[in-house]
Each structure stands twice: as C-alpha cells, then as structure tokens.
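Below is one structure, written out as structure tokens; comments come after it.
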Amino acid sequence: MMATAMMGLTALAQTTPNILGDNHAMMRLEQGKKYVLLPVQETEEIAAIAVLDSRNEMVQRINVKLAVDRVDYWMPYELKGARLFDIVFHGDRRQKGAVAEFVCWKELKFSDTFDTTNRERFRPLYHHTPLYGWMNDPNGMFYKDGVWHLYYQYNPYGSQWENMTWGHSTSKDLIHWDAQPLALEADWLGAIFSGSCITNGNDVVAFYTSAGMSQTQSMAVSKDNGRTFKKYEGNPVITSDKPDFRDPNVFWYEPTQRWIMILAVGQEMQLYSSVDLKDWKYESSFGQEYGNHSGVWECPDLFELEVRSEEAGVNSNLKSKKWVLICNINPGGPFGGSATQYFVGDFDGHKFTCESMPKVTKWLDYGKDHYATVSFYNAPENRRVVLAWMSNWQYANQVPTKQFRSANSIPRDLGLFTCGEETYVSAVPSKEMLAVRGAKVKKPTEACEIVVDLNNQAEIVLSNTLGEQVVMTYDAAKQKFAMDRTKSGNVSFSESFPCVTEAPTYGQVKQLRIFIDRCSIEAFDAAGKVAMTNLVFPSEPYNTIKVKGGKATIYEIK
C-alpha cells in the first residue's frame, strides 16, 4: 500500500511551441512553477525530448509519448532550472497530421502540484505500487535501522516501459510503503537498469547496470541511509563485450573475506570478487546446459539457506545448509513469458556447483505473474525475504490501468525442503502478513486472505454476480494444484492472458492460504511447498466462494 499526497492541479497560460519541421519542435518553458505536466497518449510513438538549461546546455534526455489526438493521462516533469524542450517526434507524420495541430500543445500545463489521488479501481490495497508511472524489477532492496528499502525500475514520464531510473519506497512493516524521491537517474553512461545495494559501515552502496550503447556495471554511494546517492567517479567498474550484461547482485562472503558479485550475462551467470568494491576479479561462470534456456537470464541472486530441521536428519541440531542461485528468465516460464527459476547447490567463494542434473528445472512460483525475484540485503533474524514484480512481459504494458502499471508481490520468506532426491525452495508469506490479518468475514472482499483446510480432492471457486470466476483445484493423488483464470474478468487485452496454471505439490497439501487484492490472487501451501501468483481484472470484486472438499475461513486485511 502506498502513501499518497492529495494535491490539486493548477493550470496556467499555455506556452506556444516553435514548429521547426515535420517532426521537430522547440518549446520554451514557463518559469516560476515546479512542474510541467506532460500529456501522454499511450498508442503514440515516442517523442525524444532534450532538456536544455539557461545556457542551452543539455541536462537530460527523456522519451515521452506526447499526445497527438487525445490525452490518456498527464505525467509531471520537475523543472529544476530547465528552460527549453527540444522535441523530435518519431512515427509517420503523414498519418498523424501536422505537428502544430497535436493536442499536446493545448493540454500541456504548468503547475506547482501534481495530483496523485488514486484514480484506479485495480490499484492494490496492500501491495506496493508506485504513485504513478511504470514499475518493473525490484532493485537494491535492503534493511537498515528498522526500515525496509525498496528501489525499483521506474518510468516517471509514462505508465509503460521507458526512461529507466530507480524509484524508491520505504516501509517499517513490509506492507505499508511511503514514496521517496527518485534515487538514481540516467547519465551519459546510460539508463539505470537493475542492481542491488549493500550496507558497508554507515554507507549504503548501490550497484547497477548503466545501459547505454553497451551494458556496464556502475556504483553509487549513499551517506544518508539510501535517500540520495553520489555516483562513483571511476564508473563503470566492470565492462564486457557481451550485449546482455546486467543486474549486479553483491554480498559479503566471510570465508574468503571478499565481496562477491553475480551478474546475468546472456544465458549464464558470472561471478566476480573484490576486496574494496571497486576492483573486481572474474571468478567463474555457471549455467551452460543447466535449467531452462528459452530466454535471456536476468536478475540473479545467490544466498545460503537452511534445510528444514525435521528433514535435515535425526538430530535436529545438525542443520543442513545449501546455496540457492536465483535466475529469472524471459521468456521461458512454465506457462509462457517471464518467470523465476532457481538452482540448489554449493558455493565456495569462487564457483557455484549445482547438485541437480543439468536438465532439471525448478520454478519458484508457478503462476504467470511472478518475476524478477530478488531478496533484501541484511534482513533481520537471518531471514531471506524476497519480493517479485507481479506481472509478465507478455502483457505488462497492456494491463487495464493507466495512472500506474504494476505492483510487487507480497513479501515471502524462503527456506529449503526435500522431496525424493531433490532439494527445493519453499516460499511462505512473511510473518508481517499475519500482522495485518483482521476479523473473520462471511464473504470474500476485494482485499482479504482465505485459509482453506483441504481434503484429498478439492475445488475452490471465486466468483461475482456477473459470472466471472477463478477456479482452483487440488488433486492429492496427482500431487497437483491448478488455477484457472480464463473467465476471471477482463482477459481481452492480451491473447496470452487467459490461462490455466498448474503446480506440483511435492506431497500432500493440508492448508492453502489465498491472498486476494483487487487485481491479484496469490495462493500458497501453508507449509511453503507451492506458490502461485496470477493477476485478475474482474469487472466487480469476487464476493462468493464455493468450496468442495475443504473448509474456508475468510479474514479481512486491515
């Protein structure tokens, strides 16, 4: 849930553009106001805007889908001394008409405020979302001094992917989030792609991919607990000739007294080490022939977890530990598009060794909408807490919202369990979700938790008065759990959206925990062996539940 500022909008006299050609215009910016509010039309081509200061020096480049014949919404640009926009329109002007007649010139406004009051009925109530604009991968998450910090891939100038910066939100309970100013913005090395943060004494150090002509790795340091960053003068700190070379994730490895960085490089992960965070030595690569290779590997994470004590041996004091390598992949997910796979094995400070056979593929979540999963650095109580981007690249830019796009999953704590000869990662809702569990209610609401005690065969149907429904089934004999959203509501915006997702249960499931929040359903085996996340866009909230082969208890979420 995101704290919002209820602010009004003040429109002043319009600025007249200077039309310089079929696709070129300049516009001098009115001074004395904080923002220029840019009218956006999502079906249009990009307009490339060079922002110039009073000396006619370029201070920034942004890409905005300026409105041609209608306005979908407005996006704020904070002026900060900007004096002139030099705008180049892309697209075929013969089809769009004369630049001088574009509606953007009439609808552009200057204001001291920007209205962030929620205008979306599908905005979640207890999941993190940006106040406005586009969000994808979670980045640089860490815990320090009682505060959880979440950075994320962000477009402040539109609700579709573009202009990648690091947005920033903070929370004291992992549920209620406060919006913070932008943390990292593009420079001449490129846009700011995904990365990680570590705490080093009083400093917070961010590592991120500079995505320009090539993808290189850069660093920035914060002296104020991650509120603001100063980029390292020696950037980039690692370069490569590989086209996909990104998403650095850094952690401290005590046995070798080295910092370790894991990077996604094409369809493998590369490991580097450093003693000072500035000079990095290549150590090894992992990935050839292992797991799924249907798409590009992205957003890695590497950490150690304990196997559940009851499964680690007769003597529960002898706890087994193994390493987990998180590998997000797009495309290649079990039901199309993006998803999170992982590998279990060992890490010795130099290389990761997977314990499974190369062709074994393990998925962290068996829904369509759980991607870019990474963990918080320095989480308390030695917990491994993760968040994911709750969408899928197949349709993320088209889901039926405009003011914002995308939310994060609820927080999950990871562990390990064994089934047969394999070790798997478990995922359970973080304990903070119990803290927001409210009173029992008789019917499902738009934001609730449903706990279902299961028999060996079960069917759970969520529906509304319009006949829209989501059907979940459990089959103990087949050790399968499935969710059908083909009739869940609006599924027309993408042919890839209607689907049935299915997960192995690795044994019996006795209880399900199902989290509903306006546009999402997240289902978990209470023991952590199943996780499934799917978006839904019902025309009205699901207000009826029918359970065969089980008993449901419904809790409001406060």
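Aromatic (Phe, Trp, Tyr), under 19 Å from Phe352 (Cβ atoms) and without any contact (Cβ under 8 Å) to a residue 40 or more places away in the chain: does that describe Phe286?
Answer is no for this residue.
Taking the range 307-322, which residues are at pLDDT 55 or above and surrounded by 16 or more Cβ atoms within 10 Å (Cβ to Cβ)? Talk me through it step by step, then tell me what you get.
Let us first name the residues in the range 307-322 that are at pLDDT 55 or above, namely 307-309, 319-322.
Listed by number, the residues that qualify are Val307, Arg308, Lys322.
Residue under question is Asp22, and the condition is that it be in a strand (DSSP E or B) and farther than 20 Å from Ser159 by Cβ; does it hold?
no
Residue by residue through the range 326-343, note down the ones that are farther than 16 Å from Ser375 by Cα and either open to solvent by 20 Å² or more (accessible area, probe 1.4 Å) or among the hydrophobic types (A, V, I, L, M, F, W, C) (or both).
Result: Ile329, Asn330, Pro331, Pro334, Phe335, Gly336.
Residues being modelled with pLDDT under 95 and either more than 28 Å from the chain's Cα centre (by Cα) or not polar (S, T, N, Q) (or both): count how many of those fall in the range 282-306.
Step one: of the range 282-306, the residues modelled with pLDDT under 95 are 288-289.
Filter once more, so that each one left must be either more than 28 Å from the chain's Cα centre (by Cα) or not polar (S, T, N, Q) (or both): 289.
So the count comes out to 1.
Can you report the number of residues in the range 495-518 which are farther than 20 Å from Arg437 by Cβ and open to solvent by 10 Å² or more (accessible area, probe 1.4 Å)?
Looking only at that region, the number is 10.
I'd like the full set of residues that are part of a loop (DSSP other than H, G, I, E, B) and more than 26 Å from the chain's Cα centre (by Cα), limited to the range 44-72.
We begin by selecting, within the range 44-72, every residue part of a loop (DSSP other than H, G, I, E, B); these are 44-46, 53-57, 65, 67-72.
Across the range 44-72, the qualifying residues are Asp53, Ser54, Arg55, Asn56, Glu57, Ala67, Val68, Asp69, Arg70, Val71.
Taking Lys242 as meeting all but one of (1) open to solvent by less than 10 Å² (accessible area, probe 1.4 Å); (2) closer than 22 Å to Ile326 by Cβ, write down the number of the exception.
Among (1) open to solvent by less than 10 Å² (accessible area, probe 1.4 Å); (2) closer than 22 Å to Ile326 by Cβ, Lys242 violates only (1).
Can you pull out every residue in the range 73-108 that is touching a Phe, Trp or Tyr at 6+ places or on another chain (Cβ under 7 Å) and either part of a loop (DSSP other than H, G, I, E, B) or open to solvent by 50 Å² or more (accessible area, probe 1.4 Å) (or both)? If you could, list the steps in order and put the result at the bottom.
As a first pass, look at the range 73-108 and keep what is touching a Phe, Trp or Tyr at 6+ places or on another chain (Cβ under 7 Å): 75-79, 99.
Matches in the range 73-108: Glu78, Leu79.
Can you find a residue in the range 110-132 that is open to solvent by less than 10 Å² (accessible area, probe 1.4 Å), closer than 23 Å to Ile410 by Cα and hydrophobic (A, V, I, L, M, F, W, C)?
Looking through the range 110-132, none of the residues is open to solvent by less than 10 Å² (accessible area, probe 1.4 Å), closer than 23 Å to Ile410 by Cα and hydrophobic (A, V, I, L, M, F, W, C).
Among the residues of the range 436-443, are any within 19 Å of Val530 (Cα to Cα) and surrounded by fewer than 21 Cβ atoms within 10 Å (Cβ to Cβ)?
No, because not a single residue in the range 436-443 is within 19 Å of Val530 (Cα to Cα) and surrounded by fewer than 21 Cβ atoms within 10 Å (Cβ to Cβ).
Anything in the range 451-475 that is surrounded by fewer than 21 Cβ atoms within 10 Å (Cβ to Cβ), hydrophobic (A, V, I, L, M, F, W, C) and under 16 Å from Val547 (Cα atoms)? List them, or say none.
Val451, Val461, Val471, listed by residue number.
In the set Gly345, Gly367, which member is in contact with a Lys or Arg (Cβ under 9 Å, 6 or more places away or on another chain) and either of a type outside the set (Gly, Ala, Ser) or touching a residue at least 12 places away in the same chain (Cβ under 8 Å) (or both)?
Values: Gly367 fails: in contact with a Lys or Arg (Cβ under 9 Å, 6 or more places away or on another chain).
Result of the check over Gly345, Gly367: Gly345.
Looking only at strands (runs of 3 or more DSSP E) that fall completely inside the range 349-410, which ones have 3 or more residues that are over 15 Å from the mean Cα position of the chain (by Cα)? Full working, then the answer.
Values: elements: 352-354, 371-375, 385-389.
Qualifying strands (runs of 3 or more DSSP E): 352-354.
The values are calculated or read from the model by the stated rules, or taken from the named source; none is laboratory data. Just so we're clear, the structure is a prediction, and the values are computed from it rather than from any experiment. Cβ sites come from the backbone with ideal geometry, for glycine too, and all protein chains shown count toward neighbours. All accessible areas refer to the heavy atoms of the entire protein, side chains included, with ligands and DNA or RNA removed. Shrake-Rupley method; radii C 1.70, N 1.55, O 1.52, S 1.80 Å.
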